[in-house]
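The values are calculated or read from the model by the stated rules, or taken from the named source; none is laboratory data. Predicted, not measured: the structure shown is a model, and the values here were computed from it. Every residue, glycine as well, gets a Cβ built from its backbone with ideal geometry; the counts of neighbours run over all protein chains shown.
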């Protein structure tokens, strides 16, 4: 890790909350879309998006200092590769969540409890709250399915080509749709709560949706995928999900977990911060290699491969 002045290191951390909220504000206003055609005066953009010109100027100037937007000349801004990511897709939804409901939740973080503080603030646990707020549920589902890296990691694995793949907690089905496009012959089942936002008309003949709770049952398949699911839960609840799958899975079933493996040491790693969010929002956690081995083995799975963003195990 490159050396920074102690003051700079602390300042960058302490100002982080302002940056989080600023990205959310400009994302929700769709400022990046307004700048899609090239540099524009901030007064013109402010009129278009319904913002105060001076406030918008100050937000964009601050963000430009971190490479999100750029000020060509005083009061004239353009997009950068970073701000282009906010033009629709999952990044704008992530910005909305991080700068909205998650922002409020993390504001109540303390070191005195292992329990999620979300329910204390909002009166419901996060999943119940999502079910009662369909627009937030849709934003969450889009954000969770925004990356193509998971599809590529799965497609690169060895496949017989005739397996049935069950995406447990599969949301809107984007991950399995992408996998089935790349591996002909596979069939897929998206398994999730009925309130997930999805368009089953896009599924095709090889993909279907089954409603249910992964704490109660799981459809039978050859391969089970858990993408960013287990980190939502503490070890007891995560093990319960795995045991539900194991109770249904055939003896030779394969389990593929798309999650991080937190590295040791002091090098920066985004999942170390995501771990703090999981604690505050859900009482969940990111896990290191030893924690993954203990969790999987205790639920009836034998770890085969443990790499960052891809963990593979088999029923035993």
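Observations
- Positions within the range 18-42 being loosely packed, with under 15 Cβ neighbours inside 10 Å and either in contact with a helix residue (DSSP H, G or I) (Cβ under 6 Å, 6 or more places away or on another chain) or closer than 19 Å to residue 95 by Cα (or both), in sequence order: 18, 36
- Residue 187 vs. criteria in contact with a strand residue (DSSP E or B) (Cβ under 6 Å, 6 or more places away or on another chain) and either at negative phi or without any contact (Cβ under 8 Å) to a residue 40 or more places away in the chain (or both): yes
- Residue match in the range 183-206 (condition: closer than 22 Å to residue 311 by Cα, in the same structural domain as residue 241 (by TED's automatic domain parsing) and surrounded by fewer than 14 Cβ atoms within 10 Å (Cβ to Cβ)): no
- Selection status of residue 210, modelled with pLDDT of 90 or more and in contact with a helix residue (DSSP H, G or I) (Cβ under 7 Å, 6 or more places away or on another chain): no
- The requirement of being outside the structural domain of residue 218 (by TED's automatic domain parsing), surrounded by fewer than 21 Cβ atoms within 10 Å (Cβ to Cβ) and either touching a residue at least 60 places away in the same chain (Cβ under 8 Å) or outside any loop (DSSP other than H, G, I, E, B) (or both) is not satisfied by residue 139.
- Residues in the range 264-287 that are in a loop (DSSP other than H, G, I, E, B) and exposed (fewer than 14 other Cβ atoms within 10 Å of the Cβ): 264, 265, 266, 267, 268.
- Some residue of the range 102-124 being under 14 Å from the mean Cα position of the chain (by Cα) and closer than 19 Å to residue 18 by Cβ: yes
- Selection of the range 288-311 for residues being surrounded by fewer than 17 Cβ atoms within 10 Å (Cβ to Cβ) and either modelled with pLDDT under 95 or outside any helix (DSSP H, G or I) (or both) yields 288, 302, 304, 305, 307, 308, 309.
- Qualifying position, being within 30 Å of residue 263 (Cα to Cα) and at pLDDT 95 or above, among 60, 13, 29, 86: 86
- Residue check for residue 65: at pLDDT 95 or above and under 22 Å from residue 285 (Cα atoms): no
- Scanning the range 71-106 for residues being in contact (Cβ under 8 Å) with a residue 40 or more places away in the chain, part of a loop (DSSP other than H, G, I, E, B) and surrounded by fewer than 16 Cβ atoms within 10 Å (Cβ to Cβ) gives a total of 1.
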